[in-house]
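What follows draws every value from the coordinates through simple rules; no lab data is involved. The model shown is predicted, which means the values in this text are computed figures rather than measured ones. Positions of Cβ are backbone-derived with ideal geometry, glycine not excepted, and every protein chain shown enters the neighbour counts.
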Amino acid sequence: MGKIAKARPVKLITGFIFKDNAAFKKAKILLKQRFGKIDFESQTLPFNLTDYYKKEFGDGLKRVFISFRRQIPPQELSKIKVFTNQIEKKISCGKNRLVNIDPGYLDLAKLILASTKDYVHRIYLDKGIYAEITLFYQDKSFKPWTWTYPDYRTPEYIAIFNHIREIYAQ
C-alpha cells in the first residue's frame, strides 16, 4: 500500500484574455490583493487562434499570463476559479465580460487549468469546477496533449510556461 502524503504547494498562474487594458489592470489588481506579489508577467500576446470569444469581446483580443510568488495548495484551484469568475462578473459591462480570467497551476510535471465545462479529459474538483491537465513536462519542456487548446501549443506559450516552471523550481 502506498503511503499517503500531503500535496506539495504549486505555482498559481493566471491567463487573461481582454481587449480593454483598463479591465485587465483592474482584474490584475484584484488578484494581487488576494494572492500577493506577482513574480512573472508575460508580454502582451495577440489572441487570434480562435473566434470563440469574438461575439462577446469583439476583435483585437490580447493575452497575458502572470504567476504569483506565493505558492498555493493544489486543492484550492476550484475556490480560485470561483473567485476569478466573480471578478469577471464585477468587471463586466452588462452581460458581456471585459476580461476572461483563466486560473491554473503548474508544478514540475504539468500545467493544470480550471474550467467550468466538463469533458472527457476533465476531472471534477468542487463547486462546479473541473481540472484539465493541459501540458505535461518531458525532455526539458512542456508538451501538449491531443486536447490542448491551439494557443497553448504555440512556442510562445510553451516558452512562458517553461520560464514560470524555472521560477517554481528555484
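Key figures
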{"quantity": "Angle in degrees between helix 21-35 and the longest Cα principal axis of the chain, rounded to the nearest 10", "calculated": "30 degrees"}
{"quantity": "Helix 155-169 axis, angle to the chain major axis (alpha carbon atoms, nearest 10°)", "calculated": "50 degrees"}
{"quantity": "Extension gain from Gln75 to Lys3, taking 0.36 nm per residue of separation minus the Cα-Cα distance", "calculated": "24.0 nm"}
{"quantity": "Rounded to whole Hz, the Karplus (6.51, -1.76, 1.60) HN-Hα couplings of region 124-138, x for glycine and proline", "calculated": "5, 9, 4, 6, x, 10, 10, 10, 10, 7, 8, 9, 10, 9, 7"}
{"quantity": "Between region 25-68 and region 113-167, the alpha-carbon center distance in angstrom", "calculated": "16 Å"}
{"quantity": "Shape of region 11-169, Cα gyration tensor, a/c cut at 1.5", "calculated": "rounded"}
{"quantity": "Cut-off 15 Å between beta-carbons: net charge of the residues surrounding Arg69, Lys and Arg +1, Asp and Glu -1", "calculated": "+4"}
{"quantity": "Pairs beyond 29 Å (Cα-Cα), from Lys3/Lys117; Lys6/Lys81; Lys90/Lys143; Lys25/Lys140; Lys37/Lys95", "calculated": "Lys3/Lys117; Lys90/Lys143; Lys25/Lys140; Lys37/Lys95"}
{"quantity": "On Cα atoms only, tilt of 77-91 relative to the major axis of the chain in degrees", "calculated": "10 degrees"}
{"quantity": "Cut-off under 5 Å, modelled amide H: who pairs with Tyr149 long-range", "calculated": "none"}
{"quantity": "Residue among Asp102, Asp151, Asp51 with the largest mean-square fluctuation in a Gaussian network model of the chain, springs linking Cα atoms under 10 Å", "calculated": "Asp51"}
